[in-house]
Amino acid sequence: YFDLTFEFDALVFLVALTPLQQSIDAVRNAQQVLIAPSAELTGDTLASSYAIGKVLERAGKDVCVLLPEDEPGRFSFLPKPSRVSRQMQFDQEYTLSIDTHAIPIKDLRYEQQDGALKLYLTAPSNFSRDHVNLEAGPHKHDLVIVVGATDLESLGETFEKYPQAFYDVPVLNID
């Protein structure tokens, strides 16, 4: 019995990852990385964000540094990753929904034609745009690296504008 407990404890010990190992795995497994510096853009915060972005790009990652404000001119000399923006640059998932309780859809097909995706519906004659809804879903990044912020609220406008970008994905905070 003692031997089984010891082996079980050893197994649990081997399975548990340290925060550093978790961070390394998150970066290694990520393909699209959002880097968010704190709202207070100091030289250290900005240079660190850019440097992390450049290193990750060299490792084959798709990177976007999301700035809370325009880059102060005094930092224009800093080498930057390919995408630095005040707007989210990753693809976003959208949901097109139709109220089928009010309007039953009898047939649905689609085709790519002349550079457009066309949806064809067979519906009652009272079908209108009011029965269709387009919702923006999550952005398609799989890791967020926060630089120089003690918490998400310290990101200021970035977090206010894109709060959903910080949920459902790992967030690595470098403060």
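Laid out as a table, the results:
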| item | result |
| --- | --- |
| Single unsatisfied condition, residue 57 versus (1) open to solvent by 20 Å² or more (accessible area, probe 1.4 Å); (2) closer than 16 Å to residue 172 by Cβ; (3) modelled with pLDDT of 95 or more; (4) touching a strand residue (DSSP E or B) at 6+ places or on another chain (Cβ under 6 Å) | (2) |
| Residue within segment 140-155 that is touching a Cys at 6+ places or on another chain (Cβ under 8 Å) and of a type outside the set (A, V, I, L, M) present | yes |
| Given (1) out of contact with any strand residue (DSSP E or B) (no Cβ under 8 Å at 6 or more places or on another chain); (2) modelled with pLDDT of 95 or more, number of the condition residue 36 does not satisfy | (1) |
| Subset tally (residues that are under 30 Å from residue 175 (Cβ atoms), charged (D, E, K, R) and assigned to a loop (DSSP other than H, G, I, E, B)) for segment 107-155 | 3 |
| Members of segment 62-106 that are open to solvent by 80 Å² or more (accessible area, probe 1.4 Å), free of Cβ contacts under 8 Å to residues at least 40 places away in the same chain and not in a loop (DSSP other than H, G, I, E, B) | 74, 96 |
| Residue among 94, 50 that is touching a strand residue (DSSP E or B) at 6+ places or on another chain (Cβ under 9 Å) and modelled with pLDDT of 95 or more | 50 |
| Residue within segment 115-122 that is open to solvent by less than 90 Å² (accessible area, probe 1.4 Å), within 30 Å of residue 39 (Cα to Cα) and of a type in the set (A, V, I, L, M, F, W, C) present | no |
| Qualifying positions in segment 129-161 - among the aromatic types (Phe, Trp, Tyr) and open to solvent by 80 Å² or more (accessible area, probe 1.4 Å) | none |
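The values are calculated or read from the model by the stated rules, or taken from the named source; none is laboratory data. Values in this document were obtained by computation on a predicted structure and should not be read as measured data. Glycine gets a Cβ as well: all are built from the backbone with ideal geometry, and neighbour counts include every protein chain shown. For the accessible areas, the whole protein counts, side chains as well, though only heavy atoms, and no ligand, DNA or RNA atoms are used. Shrake-Rupley method; radii C 1.70, N 1.55, O 1.52, S 1.80 Å.
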